[in-house]
Amino acid sequence: MYVKPKKELGQHFLKDLSIAQRIAELLTGHGDYKKVLEIGPGTGVMTQFLLKDTRFDTYVIEIDRESVDYLKQNVPALEGRILAADFLNIKPELLPTKQVSTERFAIIGNFPYNISSQILFKALDMRDRVPEVVGMFQREVAQRVASGPGNKDYGILSVLLQAWYTIKYEFTVDPDVFNPPPKVHSGVISLRRNDKTELGCDERKFTQVVKHGFGQRRKTLRNALKPLNPAETAQDSRFMDKRAEQLSVPEFIELTQLMGERAKE
């Protein structure tokens, strides 16, 4: 049975087994999880290496019906572990199994470029259940997620994810190891949950500050954050004459704390 990569699903099937194995071996078990969920396994090139790792129970979620049929026919070890569903739309409590669960699990995959950022945001929403993520992205996205302050790639995704995860850019992947080859290079990154249980500031306000700050990244934060009506303590702070890309995650947290502090009578 041949599975044709579908452009509308952003499918680029990895065909280099050594790279598939290298990505699978990046899972460390950080956070003491036992289950792994592979998103978009396609024909199971990476899945075969995940199944060999006896530390974990591997599940897959696949939206492409043709790929699901292929996996059922050719990868018997996945019996009862295939979710024929859209990861972005499935209820979090149904992951990684079809039964309601609150267990922790890792996420891994050769992610479709067109939804890779959305996958990360969903993982972020489930951060208390997802201690580790390993994924292949368009290289520019991977670099953005892993970039630190002062870098032109540093942005909204960098700050929001790095608040909760330690992120490492692992390696770059050439286009010719895919079928069909994408027009750009890919990058593999790993995300491992840090020990934070809370940020020490209003998380909704934190997200607003980050998004507004980078929304007009050429402006200073004094101008970019005007719509949020910053308190005087924020206006007088050392942050307001800087641009968003100059602030570290802890500094964004500190700024968020100051945003709501009104001057005492």
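Solvent-accessible surface of the chain, averaged per residue with a 1.4 angstrom probe and all protein chains in place: 50 square angstrom. Taking a Cβ cut-off of under 13 Å around PHE206, the surrounding Lys, Arg, Asp and Glu residues balance to a net charge of -1, with basic ones at +1 and acidic ones at -1. Look at the dipole of region 110-228 built from charges on Cβ: of PHE206, GLY148, GLN138, the Cα furthest out on the positive end belongs to PHE206. With a ≥ b ≥ c the root eigenvalues of the C-alpha gyration tensor of region 116-208, is it rounded (a/c under 1.5), prolate (a/b larger than b/c) or oblate? Here region 116-208 falls in the prolate category. Taken over the alpha carbons of region 74-159 as equal point scatterers, the Debye sum produces base-10 log I(q)/I(0) values at 0.26 Å⁻¹ of -1.41. Taken over the chain, the alpha-carbon convex hull comes to 131 cubic angstrom per residue.
Under 5 Å from the amide H of LEU37 lie the amide H atoms of TYR59, ALA106, ILE107, ILE108, each residue being 5 or more positions distant or on a separate chain, with H modelled from the backbone and absent for Pro and chain starts.
Subtracting the Cα-Cα distance of LYS196 and ALA85 from their residue separation scaled by 0.36 nm leaves 36.8 nm.
Coupling constants for region 118-129 follow from the phi torsions by the Karplus curve (6.51 cos²θ - 1.76 cosθ + 1.60, θ = phi - 60°), and in residue order they are 5, 4, 5, 5, 5, 4, 4, 4, 9, 4, 6, 10 Hz; glycine and proline get x. In this structure, the pairs whose alpha-carbon distance is over 27 Å, taken from LYS6/LYS122; LYS6/LYS183; LYS35/LYS211, are LYS35/LYS211.
Within the accessible area of region 1-118, what % is carbon and sulfur when the probe is 1.4 Å and the other protein chains stay in place?
After summing per-atom areas, the C and S share lands at 49 percent.
The calculated FRET efficiency for the pair SER101 and LYS183, based on their C-beta separation and a Förster distance of 35 Å, comes to about 0.35. Summing +1 for each Lys or Arg and -1 for each Asp or Glu among the other residues whose beta-carbon sits under 12 angstrom from that of ALA20 gives 0.
Computed from the C-beta positions of THR207 and ASP128 and an R0 of 25 Å, the FRET efficiency is 0.90 to the nearest 0.05. 3J(HN,Hα) couplings calculated from phi for region 84-92 with the Karplus curve 6.51 cos²θ - 1.76 cosθ + 1.60 (θ = phi - 60°) are, in sequence order, 8, 7, 8, 4, 5, 10, 6, 5, x Hz; Gly and Pro show x. Both the radius of gyration and Dmax for region 27-76 are 11.4, 34 Å, in that order, over alpha-carbon atoms.
The values are calculated or read from the model by the stated rules, or taken from the named source; none is laboratory data. Source: prediction; values computed, not measured. Backbone-built Cβ (ideal geometry, glycine too); neighbour counts: all protein chains shown. For the accessible areas, the whole protein counts, side chains as well, though only heavy atoms, and no ligand, DNA or RNA atoms are used. Shrake-Rupley method; radii C 1.70, N 1.55, O 1.52, S 1.80 Å.
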